[in-house]
Amino acid sequence: MMKIDWRALALCAAGALLFLAASSGAPIPARAAGGALPAEASQAMQYGVAAAKQQEWQVAIKYFAKAREAAPYAPKVLFNLALAYNNAGNRELVAIAWFRAYLAAAPGAANAEQVRARIIALKIKVEADAAKLIAKAHEAAGQIDLDALHQNSSGQHALVYIALAEAMIGDFSAATATAERISDANSRLDAYSSIAKKQAEAGDIAGAGATLARIPDDYIYGKWYRYLDIAEAQGRAGDIDGAHHSIALAIAGARGDAEAANEKIARVEAGIGHAGHALATAANIADDHARSEAYSSIAIALAHTGDSAAAMNAAERTGFYADMYNAYMFIAIDAVEAGDIARAEQTAALIPDDRGKAVVYRYIALARARAGDSGAARRAIALVEATDSKVSLGGEPTIAEINLYIANGDIRYREINDLAGSAQYWRDDMYLQDVPGYVRSLAGEEPREVIVMLALAAEKRAEILKGL
């Protein structure tokens, strides 16, 4: 396999100005294989390639972005945009988003493995930048008396932010050590609680338990709640006995807050597939509205586990129609995602609210379109339009998106659109600028705020990486 020089362009014959095809690390010309582009996109691509040839990457980005406006799902456009951001420097997250969009548009591309390798290298750079920002935050904190760090404009001890950033990148020993240095007791306990949550999410159950042991049982924000985080992590890992033990600790710790705790405990019990325990816990909730909401949450959690019968049983126990129909909607959506369209349609029929029906029909239409059954997809769209075609609860497929699948097949439009949105957001996010420039931008800020801003920038990078 040829080695890619990701910082340079590879030219073919002198004077021809033809760039290597997608198997290389060079831009793909507008006339390359993969389908003709609209005239506007083709012209913008030509300008972008010309700018890339001169290594004018910001100009290249401008023209490739213009090409994408006219051809938003064209693999060659997405690849060139990713490559330009990659070569521009200090835009690693944006480059990752566009490279992933390219792979979503062309999963079988000849250079797919090379692109994946490049994504890994870019992730390492982002992780290293997060570590540098944390080091800068510690350096800034070392120049201030610990007592002076007690409170910043948000009311938290500045070292809490550093500890959270360290926990986010998975350096739990450093996070705990930082938390130990926090002079304010409440801030220190807040840090321990957040660190324990991150440890549980990372699957470090023993570490999460050890961190929780540092927190007294009467912690004002509820130590018991973190035991539920641990239980959820144990459930995901298949340790059902361990999850039950953690739930028992949560129940014991929530005695003074049992009413508020029961709904959360019931949801976790349902999430690990123990419908009977969850229903029994919800039955202990005295408030009618809270109990109804708990049954709805249980139904949704059980639907996620694939136990549709138990989910329907829980939904029918809700005391208010809005909770019942909300549960039916999510049960139906889970049925669609499990491939059981018939069950989804049966469940949708139980929803009297047109808006709820429309949401389910959108998912059914998308599933039909992705399966290549355009006729069934169009019939589902007609049902959407017959109910409430304008409804949007956020996240469900649009009619335009479904029609793209009907017309062109399954090339993961949703993923491409989501990645494009992320790329544009990350490009403009002040926390995600290049590290030296970001540090310079903080000159003149109040010292405690500098520490917080550095830590937040590190934490944000680490949080995004976890989702990639």
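Some observations on this one:
- Over the chain: helical MRE at 222 nm, DSSP H runs n ≥ 4 each giving -39500 (n - 2.57), nearest 500: -22000 deg cm²/dmol
- The chain: C-alpha gyration tensor shape, a/c 1.5 cut-off, then a/b vs b/c: oblate
- Which of 98, 57 has the fewest Cβ neighbours within 10 Å, and the rest in rising order: 57, 98
- 3J(HN,Hα) from dihedral phi, region 57-63, Karplus parametrisation 6.51/-1.76/1.60, rounded to Hz, x for glycine, proline: 5, 5, 5, 4, 4, 4, 6
- Value of Rg to Rh for region 230-373, rounded to two decimals, is 1.03; Kirkwood radius and Rg both from alpha-carbon coordinates.
- Label point 7 Å beyond Cα of residue 376 along Cβ direction - residues of region 308-325 with amide nitrogen under 14 Å: none
- Using a simple spin-label model with pseudo-atoms 7 Å out from Cα toward Cβ, residue 121 and residue 46 lie 3.2 nm apart.
- Computed extension length for residue 283-residue 257: 7.8 nm, one decimal, from 0.36 nm per residue of separation with the Cα-Cα distance subtracted.
- Backbone phi angles across region 80-97, fed through the Karplus curve with coefficients 6.51, -1.76 and 1.60 (θ = phi - 60°), yield HN-Hα couplings of 5, 5, 4, 5, 5, 5, 4, 7, 5, x, 6, 9, 4, 5, 5, 4, 4, 4 Hz in residue order; Gly and Pro are listed as x.
- Efficiency of FRET between residue 307 and residue 173 - r from beta-carbon atoms, R0 45 angstrom, step 0.05: 0.70
- Cα gyration tensor shape of region 391-468, rounded if a/c is under 1.5, else prolate or oblate by comparing a/b with b/c: prolate
- Separation in nanometres of the label points that stand 7 Å from Cα toward Cβ, at residue 53 and residue 321: 6.8 nm
- Potential extension, residue 132-residue 88 segment - 0.36 nm per residue separation minus Cα distance: 13.8 nm
- Computing FRET efficiency as 1/(1 + (r/R0)^6) for residue 385 and residue 410, where r is the C-beta to C-beta distance and R0 is 30 Å, gives about 0.85.
- Candidate lysines - alpha carbon under 29 Å from residue 76, same-chain residues fewer than 8 apart omitted: 3, 53, 62, 66, 123, 125, 466
- Distance in nm between pseudo-label sites at residue 440 and residue 221 (7 Å out along the Cβ direction from Cα): 3.6 nm
Any read-out appearing in this document is the output of simple, stated calculations on the displayed coordinates, not a laboratory observation. Given the structure is predicted, the values throughout are model-derived calculations rather than measurements. Every residue, glycine among them, receives a Cβ derived from its backbone with ideal geometry; neighbour counts consider all protein chains shown.
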